[in-house]
Every structure is written in structure tokens, then in C-alpha cells.
Amino acid sequence: MKVLGIDPGSNITGYGIIEKGRSGLKWTAHGEIRAPRNGSLSARLLKLHSEIARLIASANPDAIAIEEIFCGKNVQSLIRQGHARGVAILASAQSGVPIFEYSPNEIKKAVVGYGHAEKGQIQSMVKAILGISGTLSLDASDALAIAICHSNFLKKESS
């Protein structure tokens with residue numbers, strides 16, 4: 001089973017692809033989709049949509065796992081994250097691939113064993129679980145953590 005994890009952000013959206021087989025989890029790919037900083041909101045969302053659609057078409061995942069909204073203190077940031085998350089869900093839904101959603105605490109528990117783990121702890125565990133020795137951005141490690149979470153829990157498809 002191939003899982004695409006998506007960590008939506010208004011400026012940077014992380015993605016990670018893993019495969020779950022008989023011998024465990026295997027890293028396939030990871031990266032970031034960066035929106036143009038000076039572009040309009042619509043241009044940034046359009047780029048995000050087209051890049052996610054392209055990624056899904058080339059990776060051909062069996063499932064897409066995405067992080068639920070994280071309730072932070074900055075309302076404007078939360079709204080921008082909601083826009084990015086909506087675009088990621090739309091591109092995923094248009095592909096016909098089943099979509100699954102996980103809360104930040106579920107993801108942290110699945111990877112680190114503690115629902116309030118720090119980003120650095122998540123990054124270290126993702127690298128250890130998948131045997132990644134090179135550089136891994138926080139956004140990509142979060143996306144890989146989301147994919148790992150799904151491969152462990154295999155929730156029912158979100159509606």
C-alpha cells in the first residue's frame with residue numbers, strides 16, 4: 001500500500017510518500033510545495049492545487065492522509081491554513097484516491113508515542129523509522145509522519 005501524506009500550509013506544504021509492505025515501511029519520496037510569496041492568494045492556491053494534482057498523478061498512491069486543522073492562536077494563520085487544506089482536499093478528492101484525516105495528536109502518538117511531541121522529536125523518529133540519513137525539512141517530516149500514522153491506524157475514509 002502506497003500512502004501520500006500531506007501537511008498543508010499557506011506558504012509551504014510538505015508531502016511524503018511511503019509504502020507499507022510485508023517487510024514494514026519504506027520511504028519513497030518527500031518534498032515541499034512552495035507558494036510564491038508575493039503572489040495573490042488565488043495564485044498561491046492555484047499553484048498548490050496543480051502541484052498536488054501532479055504529485056498524485058505521478059505517485060499513484062492508494063491512500064492520501066492529511067492533517068486536520070491545528071487550532072493555533074493566530075486566527076489569520078488558521079484561516080490561511082484552512083484555505084491550503086481545502087485545496088489539498090479538493091485536489092485529492094478530484095483524483096478519486098481515498099482521503100483520510102488525522103489530528104496532530106494522533107500523528108504525534110503514532111510516530112513518537114506522545115501526543116505533545118515537539119517537531120524535532122517527530123523529525124528524528126521519522127528519520128529513524130524510514131531509515132533516512134540525509135536532510136529532511138520539518139514540513140516534509142510532518143508529511144511523512146502523517147503517512148506513517150495512516151499506515152499504522154488505517155482509519156476509515158473521511159466523508
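Readers should treat all values here as calculations from the given coordinates under stated rules, not as data from a laboratory. Computed from a predicted model, the values in this text were never measured in an experiment. For neighbour counting, all protein chains shown are included, and Cβ atoms are generated from backbone atoms with ideal geometry for every residue, glycine included.
Taking the range 28-52, which residues are crowded, with 19+ Cβ neighbours inside 10 Å and assigned to a strand (DSSP E or B)? Matches in the range 28-52: 30, 33.
Determine, yes or no, whether residue 54 is farther than 21 Å from residue 138 by Cβ and of a type in the set (Lys, Arg). Steps first, answer last, please.
Working: farther than 21 Å from residue 138 by Cβ: yes; of a type in the set (Lys, Arg): yes.
Taking the combined requirement at face value, the residue satisfies it.
Out of everything in the range 85-136 that is more than 13 Å from the chain's Cα centre (by Cα) and acidic (Asp, Glu), what residue ends up being farthest from residue 53 (Cα to Cα)? Only one residue fits best here, namely 118.
Selection over the range 32-74 of residues that are over 14 Å from residue 9 (Cβ atoms), touching a residue at least 24 places away in the same chain (Cβ under 8 Å) and of a type in the set (A, V, I, L, M) gives a count of 8.
I'd like the full set of residues that are out of contact with any Lys or Arg (no Cβ under 6 Å at 6 or more places or on another chain) and part of a strand (DSSP E or B), limited to the range 76-124. Once the filter is applied, which keeps residues that are out of contact with any Lys or Arg (no Cβ under 6 Å at 6 or more places or on another chain) and part of a strand (DSSP E or B), the range 76-124 yields 99, 101, 102.
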